[in-house]
Amino acid sequence: MEIVCKTPANTPESHDYIFRNGIRYVKPYNFEYIAHAKSRWAGKTIVDLFADEFKGRKRDYYDSAVKSGHIQVDGKTVPVSYIVQTSQKISHFLHRHEPPVMALDVTILHKGEDVLTVCKPASVPVHPCGQYRKNTVVGILQAEHDLAPLFPIHRLDRLVSGLLILARSASQAEIFRQQIEAGMVQKQYIAKVVGEFPEEEQVVNLRVNSNAREGRSTVEAEDTDEKAKSTLNGKAACTKFTRICTNGKFSIVSCHPITGRTHQIRVHLQSTGHPIANDTLYLTDYVDNSSSRRAFTAHKTTVKSHRSLQVNSDDCTSEPEECIEDFYIDPTCTNCPNLAPIGYDGSEEGLWLHCVRYSGPDWVYECPYPNWASLS
């Protein structure tokens, strides 16, 4: 559903979370989605509008949601025949089920008056986005450490782990923003890649073209011809790679992105023929020698998760202390009685990509290496 704005959920608290079999769930909660009627919506009935624009649910659901008041216009219950007008406030009250994440601690590395740094676990988004609100680094820090407000000064993809810097005031966040925009901040990541990465430093200068609809990026080579340059869609991107160690099958590589494009490190490593070894999004069409391909295939079975995230509220097979009270089941909810949203396959693992260092004009913050960084 396309949302113009969203009402804030209740402040995250520690009792909002349910831990089962190494997974962190959020108890489903009531939430109001708000949109304002676009011009193309005008003249449609409220049920037609939802059935045409938001196809994730059947028409029968929207019909009953309007009748029960779960869908309102300008704060009022309306009949199913109600004709929508431009700019009206459309509210959809839902029982919100957040996707689960791996139950890993958000480890505090440095807690200062102006700056907080943490080690972000893989699978946890940094801040509220999409279906996530409480199952985020910011939400967990507020619930478990009473740390708020927090202002992330950079982002890590949800599946990426490592150093995350959060300002504790808007003014401090602005200082960091200015330094980043001025090119005064350097970043370092490490990755575990397929094959024996070259010993000498590799510099990749390939434009990155991000496709938001497909959720992935591609690279384009820089063209020296001025006329050809005008046809390129990607943004200029540069990453420097240095091999730390290798065992022939896999390598640990230090990554220094000079720019910050979507999936830049991942797609640049793919272009070298040495993609991240558990990055299924970019392993499908990389070009590499057969020995590296065989090394990934042999290891592939250990990458895929064996967890099932479709856990019913009354199905608790973990330790007794993890079995806390059941959540409220909404009879009108299309996700209940499952904790996880319907369709969430739960087969992902954290990427073998980890942020280890950020440095600026007069500051340095670091994060320990993860366990997978050892090839011994």
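Could you grab the Rg to Rh ratio for region 1-118? Cα atoms only, Kirkwood for Rh.
1.13
Per residue of region 104-117, in order, report the coupling 6.51 cos²θ - 1.76 cosθ + 1.60 (Karplus, θ = phi - 60°) as ³J(HN,Hα) in whole Hz, putting x for Gly and Pro.
10, 5, 8, 7, 7, 9, 8, 10, x, 5, 10, 9, 10, 10
If only Cα atoms are counted, what is the Rg of region 147-284, and what is its Dmax, in Å?
When restricted to Cα atoms, region 147-284 yields Rg and Dmax of 16.6, 52 Å.
What accessible area per residue, rounded to a whole number of Å², is obtained for region 82-156 using a probe radius of 1.4 Å?
39 Å²
Note down the magnitude of the dipole of region 104-235 about its Cα centre, charges +1 on Lys and Arg C-beta and -1 on Asp and Glu C-beta and zero elsewhere, to the nearest 20 debye.
Computed charge dipole of region 104-235: roughly 640 debye.
Quick one: 3J(HN,Hα) in Hz for region 203-219, Karplus 6.51/-1.76/1.60 with θ = phi - 60°, rounded, Gly and Pro as x.
With the stated coefficients, region 203-219 comes to 10, 9, 10, 10, 5, 10, 10, 8, 10, 5, 5, 8, x, 8, 10, 10, 10 Hz.
Select from TYR82, ILE46, HIS95 the residue farthest towards the positive end of the dipole of region 45-102; place +1 on Cβ of Lys and Arg, -1 on Cβ of Asp and Glu, and compute about the Cα centre.
Farthest towards the positive pole: HIS95.
So, R0 is 30 Å and r is the distance between the beta-carbons of ALA182 and GLU366; what FRET efficiency does that work out to, to 0.05?
0.85
Give me the dipole magnitude in Debye, nearest 20, for region 81-171 about the Cα centre, with unit charges on the beta carbon: positive for Lys and Arg, negative for Asp and Glu.
300 debye
The values are calculated or read from the model by the stated rules, or taken from the named source; none is laboratory data. Everything quoted here is computed from the prediction, not taken from an experiment. FYI the Cβ positions are ideal-geometry reconstructions off the backbone, even for glycines, and counts take in every protein chain you see. With ligands, DNA and RNA removed, areas are computed over all heavy atoms of the protein, side chains included. Shrake-Rupley method; radii C 1.70, N 1.55, O 1.52, S 1.80 Å.
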